[in-house]
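Since every read-out is calculated from the coordinates, none of them should be taken as a lab result. Just so we're clear, the structure is a prediction, and the values are computed from it rather than from any experiment. Neighbour counts run over all protein chains shown; Cβ positions are idealised from the backbone, glycine included.
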């Protein structure tokens, strides 16, 4: 699902919200940020040797499409795990994976 579809005539750093044929209507609903992010982290399978710390301190509620937000957060976690497993990455002194 594309939230943004770039127009070829616009500068590359400009996001526009033009609908795409593959888009579905966003379903925004009230979402407690800490609870939502915490639930995603709790369900995410962490690989041995990688430590995931959480420091959630947002008492706010936002209106968001939970499915789209879940996809974004899982993609960020996937990317972080992949980067930490890259053999070319050397952890700085005192830094754990």
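The base-10 log of I(q)/I(0) for the range 56-97, evaluated at q = 0.16, 0.22 Å⁻¹, reads -0.64, -0.83 [Debye formula, identical scatterers on Cα atoms, solvent excluded]. A simple spin-label model places pseudo-atoms 7 Å from Cα toward Cβ; at residue 91 and residue 24 they are separated by 3.9 nm. Residues of the range 69-97 with amide nitrogen under 20 Å from the 7 Å Cα-to-Cβ point of residue 41? Output list for this probe position: 69-85, 95-97. For the pair residue 50 and residue 84, label points projected 7 Å from Cα toward Cβ lie 0.6 nm apart. In units of the rule-of-thumb radius 2.2 N^0.38 Å, the range 28-85 shows an alpha carbon radius of gyration of 1.19.
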